[in-house]
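The structure appears below as structure tokens.
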Amino acid sequence: MTASFPALRLRRTRASAWSRRLHAENTLTPADLIWPLFIASGDDEEPIASLPGVSRWPVARIAERAREAASLGIPCVALFPNTPHDRRSERGEEALNPDNLMCRAIRELKDAAPQIGVLTDVALDPYTAHGHDGIVDDAGYVLNDETVDVLVEQAVVQALAGADVIAPSDMMDGRVGAIRAALEENGLPNVQIMTYAAKYASAFYGPFRDAVGSRGLLKGDKATYQMDPANSEEALREVALDLAEGADSVMVKPGLPYLDIVARVKAEFRVPVFAYQVSGEYAMIEAAAAAGAGDRDALVLETLMAFKRAGCSGVLTYHAAHAARLLGI
Ligand code: PBG
């Protein structure tokens, strides 16, 4: 019997904490985190009911968040405005206003903590009266090329305000190349593009739409531009196109339900891949923890490590500050 006993016991290296640390194949640090922040148009902090623990911050208090990110070792924040409803319109012109909430927040952030990277979302949904990411025709279809023209202007406005990373989240065809060309023409060669390359039409975005005030406005769904959750080959085609058009890094979104896509993209292209652990995922973890189904801190760290294991360079997560506190610098 003992002759067949294993010489190799994989439990051996797991037997003590020092050895588990030594054999860890992946690491998670605050430097892996991008912290999404919502901007309020008023003067007060506005808690978001469907995202417990997350608030919209007035522009005047964005500097506090920037300094918090810096002190926690978080390298980058992502900004999302809750545009006042009287500034939303059919064509989302407010997106091009150099004094809109987004641009004011960018300037505040760069003033308060110039060492923190600022990533800005390019899409029209926080600015349109119908909640879609682009310009719609009479039938409600989002027009591709007309939308790209506006997104290019939006990206340049954000970059001129000081954004370091432009993140087009709209899923129009051809927008990465058009934005890249416009950034070069405007003397902004070092502004990065992190493209939402494989963004799925997901049920996990609900709380985000509350946060930017578009949930009640949205007519229909986004299935004619965001990807079908059934598809993965198509994700590779999306990534290939965005890279060919000049993207510096690519994003997969949502996160945990699409880790297979992250792993395939990383294996196929060997470029920096990011994932967005989206609002519904955050809410799910918070609900599980509140219901006593799991330990909140452990759930947060385990899910974030899963992104690293799948091949991510970093993760956008509403748990960024909390996770960074748990991890230490
Ligand atoms: C807007 C945008 C969305 C998210 C990021 N940018 C929502 C959507 O596409 O409807 C979702 C993020 C989240 O759920 O946390 N284009």
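Read the figures in this text as sums done on the coordinates, not as results from a lab. It should be emphasised that the depicted structure is a prediction, and the values quoted were computed from it without experimental measurement. All Cβ positions, glycine included, derive from the backbone under ideal geometry; neighbour counts span all protein chains shown.
Summarising the overall dimensions of the range 1-153 from its C-alpha atoms, the Rg and Dmax are 23.3, 79 angstrom. Where the alpha-carbon atoms of the range 35-118 are placed on the principal axes, they occupy 40, 29, 19 Å, in descending order. Per residue of the chain, the DSSP helices (runs of n ≥ 4 H) give a summed -39500 (n - 2.57) that works out to -11500 deg cm²/dmol at 222 nm.
Among the DSSP beta bridges whose two residues both lie in the range 1-125, what percent are antiparallel, rounded to the nearest 5? Walk me through the numbers before you get to the answer.
Numbers: 2 of 15 bridges.
Of the beta bridges lying entirely in the range 1-125, close to 15 percent run antiparallel.
Taking other Cβ within 10 Å of each residue's Cβ, how do Cys312, Cys76, Cys103 sort, fewest first?
The most exposed by this proxy come first: Cys76, Cys103, Cys312.
Shape verdict for the range 202-329, please, from the Cα gyration tensor: rounded (a/c under 1.5), prolate (a/b greater than b/c) or oblate. It comes out oblate by the Cα gyration axes.
Is the range 131-269 best put as rounded, prolate or oblate by its Cα gyration tensor, with a ≥ b ≥ c the root eigenvalues, rounded for a/c under 1.5, and otherwise prolate when a/b is larger than b/c, oblate when not?
Values: a/c = 1.61, a/b = 1.09, b/c = 1.47.
The shape class here is oblate.
The range 298-314 and the range 80-136 have Cα centres spaced 29 Å apart. Sorting 14-24, 106-116, 147-157 by average packing, meaning the other beta carbons within 10 Å per residue, from highest down gives 147-157, 106-116, 14-24. Among Leu72, Leu304, Leu217, the largest mean-square fluctuation in a Gaussian network model of the chain, built with springs joining Cα atoms closer than 10 Å, belongs to Leu217.
Only lysines eight or more places from Lys253 in sequence, or on another chain, were considered; those with a Cα closer than 16 Å are Lys199, Lys222, Lys266, Lys308. Peptides 198-204, 96-102 ranked from most to least packed give 198-204, 96-102, packing being the mean of other C-beta atoms within 10 angstrom over each peptide's residues.
Only bridges whose two residues both fall in the range 27-327 count here: according to DSSP, what percent of them are antiparallel, nearest 5? In the range 27-327, approximately 10 percent of DSSP beta bridges are antiparallel ones.
Is the shape of the chain rounded, prolate or oblate, going by the alpha carbon gyration tensor and its root eigenvalues a ≥ b ≥ c, with a/c under 1.5 for rounded and a/b larger than b/c for prolate? Display every interim value, and only then the final one.
On the way: a/c = 1.77, a/b = 1.52, b/c = 1.16.
Since a/c reaches 1.5 and a/b is larger than b/c, the shape of the chain is classed as prolate.
Only helices at least 18 Å long along their own axis, judged from Cα atoms, and with Kyte-Doolittle mean hydropathy of -1.0 or greater: name those in the chain from DSSP H.
What comes out of the filter, once short or polar helices are dropped, is 144-161, 296-310.
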